[in-house]
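Data block below; observations after.
The values are calculated or read from the model by the stated rules, or taken from the named source; none is laboratory data. The model shown is predicted, which means the values in this text are computed figures rather than measured ones. Cβ placement follows ideal geometry from the backbone for every residue including glycine, while neighbour counts extend to all protein chains displayed. Ligands, DNA and RNA are excluded from the accessible area calculation, which covers all protein heavy atoms including side chains. Shrake-Rupley method; radii C 1.70, N 1.55, O 1.52, S 1.80 Å.
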Amino acid sequence: MLRGPLVLIALMLLTAAQAQGPQVTVQQGVLLGKTELFQDTKYANVSKNIDVFLGIPFADPPNRFEAPEAKRSWPGVWNATYHRPACMQTPIASFYYPAFMDEDCLYLNIFVPSSKPQNATAMVWIHGGGFETGTAMTYDYYGLPLAAVGDVIIVVPNYRLGVFGFLATADDTYPGNYGMLDQVAALVWVKDNIEGMEAQADIFTQHIYKWLGLVEFWLPVRPTSGLPVGRSVGEALGCNGSTSLDMVACMKQVNARRLRSVADSVYPGYSVSVDGHFLEDTPYNLYAKGDFQHATLLTGFNEDEGTIRVFSENLQYAGRDTGPSISLDELRESVTASATRYGIGDDILIEAILHQYINWTKADDVGADFLQELINFHGDFDFICPTNEISRLHSVVGDSVFQYYMTHDPSMSYLQYRNLLPSTPWLGAGHLEELTFVWGLPFIKELDGVHVYNLTSAEKALSVDFMTMWTNFAKTG
């Protein structure tokens, strides 16, 4: 008998509580957020309210294998107080369970200092993950500490991943790049709406490049507008239409999780396509022609970037203090395989690469361990050299370029507290490890349960240094 009145009272209380949150009007309507206090007087010496807006739609729910469409207006007030789903991705590599994934995932989060600084700077973070994993909808990228320490606005968008973001056919019917177009749509939304947050409208003047690898630069992105592997996915799903249009029409009807699973078993890796629309030519050719945006750059990498590659081929060494012992023959095989995979097939050139990395004082010792040489090679080949090349290309035309190099071995790995790995000290200052410090993870209370709060006092101070330097760069170049 009392169920109806109780529900009505609960709704009234909820409405009253919501009305206390910050509201902002953007082009599509009104956003309701929440205000959170960031307070740390020991390391950051900051006590500041941050207005948090979670799950803002920057585009309409996307149609599969089609470019995003601008978000239409919504009636009433959009509840931006909770995370929306991550984009579809492989569960084993995801921080989310499938229940929190959906194709309707084009949302972003915004963190705004309150009261807002005059002409605030906005920082937009495009998450990594090799076009296969990752999401803005996680406390890994919860911009509360970064916004508070730097007094800047933080924006973090989702974008489509894997087959949903990068399927392409062997013709021009479906050129791919949907995930990249999602990123563009998010940037356009920010530029159109950020003045509502009292931030600068002239944004994207500084760029921070992280984790530039062969896929992003050295490896020519697909030189044609389509990928034959896209047809292989269709065939594996039983979609054998005579034309790409028929095949993809069939694929659009396939259950999302089945599509993801089959595609991930067929694709060797997802990549951007030269489609004449999003990308007119390969990045290397565009740089050679001087056809790129000039900007002030901050680039960087970690001392042990290469451990992630070695570990991916030696997963049985998770949880160990030391990594695998690598023989000279194994070093040679790994270098040759990597070089060949990226189009370096000349035997003399491969020998020159080996000559650079082999410690010749132990080359005749059949029991010698070449693990460190392999780590050095993969760090250079996969991460550091492409990053340095980008830095040089901007520097020679007069752009200011800053670079950082992190050598600190964290007391608790980023991968460890994400429950992806047990403690694995031999990973060192490896790939991803600076994220703990850039995002102020020791100061995010929602991560207290995964023990990231247990980082040392020196590491918490280091995190504040990282946040200060990155946000200073964003504000001043």
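Before moving on, here are some points about what is shown:
- Segments 378-391, 324-337, 429-442, 155-168 sorted - mean Cβ within 10 Å per residue, highest first: 155-168, 429-442, 378-391, 324-337
- Computed from the Cβ-Cβ distance with R0 of 35 Å, the FRET efficiency linking VAL266 to ASP346 stands at 0.70.
- Distance between the 7 Å Cα→Cβ label points at LYS42 and ALA318: 3.2 nm.
- Cα gyration tensor shape for the range 425-477, rounded if a/c is under 1.5, else prolate or oblate: oblate
- Charge dipole (the chain, unit charges on Cβ, about Cα centre) - positive-most of LEU374, ASN302, ILE348: ASN302
- q = 0.15, 0.22, 0.27, 0.28 Å⁻¹, the range 308-379: log10 I(q)/I(0) [Debye, one scatterer per Cα]: -0.50, -1.00, -1.32, -1.37
- Extension gain, ALA295 to GLN403, is 37.5 nm, computed as 0.36 nm per intervening residue step minus the present C-alpha separation.
- Under 16 Å from the SER411 label point (7 Å along Cα→beta-carbon), backbone N, the range 21-43: 43
- Stretched out straight at 0.36 nm per residue, the stretch from ASN388 to THR81 would grow longer than its current Cα-Cα span by 106.5 nm.
- Ranking by accessible area, most exposed first, for SER400, SER73 with a 1.4 Å probe: SER73, SER400
- Cysteines without a disulfide-compatible neighbour (Cβ-Cβ under 4.7 Å), the chain: CYS385
- DSSP bridge orientation in the chain - percent antiparallel, rounded to nearest 5: 50 percent
- For the chain: Kirkwood Rh in Å [reciprocal of mean 1/r, alpha carbons]: 24.3 Å
- Here the extension length gained between ALA363 and TRP74 equals 97.3 nm, from 0.36 nm per residue of separation less the Cα-Cα distance.
- Centroid-to-centroid separation of the range 254-300 and the range 317-370 [C-alpha atoms, Å]: 29 Å
- About its Cα centre, the dipole of the chain is roughly 1820 debye, where the only charges are +1 on Lys and Arg Cβ and -1 on Asp and Glu Cβ.
- Working from the Cα coordinates of the range 234-346, the gyration tensor eigenvalues give, after taking √(5λ), semi-axes of 34, 27, 16 Å in decreasing order.
- Above-threshold pairs, the threshold being 19 Å between Cα atoms, out of LYS34/LYS116; LYS48/LYS445; LYS34/LYS71: LYS34/LYS71
- For the chain, the carbon plus sulfur part of the accessible surface works out to 53%, probe radius 1.4 Å.
- Rg and Dmax, both from the Cα atoms of the range 373-477 and both in Å, are 15.8, 48.
- Shown are LYS191, LYS252, LYS42, whose ranking by accessible area with a 1.4 Å probe and every protein chain present, most to least, is LYS42, LYS191, LYS252.
- Count Lys and Arg as plus one, Asp and Glu as minus one, and take only other residues whose Cβ is under 12 Å from that of PHE38; the net charge is then -2.
- Reach of LYS460 by Cα under 17 Å, taken over aspartates and glutamates that are not fewer than 8 positions away in the same chain: ASP40, ASP140, ASP409, GLU433, GLU434, GLU446, ASP448
- Overall, the range 260-312 carries a charge dipole of about 100 debye about its Cα centre when +1 sits on the Cβ of Lys and Arg and -1 on the Cβ of Asp and Glu, all other atoms neutral.
- Helix axis angle, 256-266 relative to the chain longest principal axis, alpha carbon, degrees: 10 degrees
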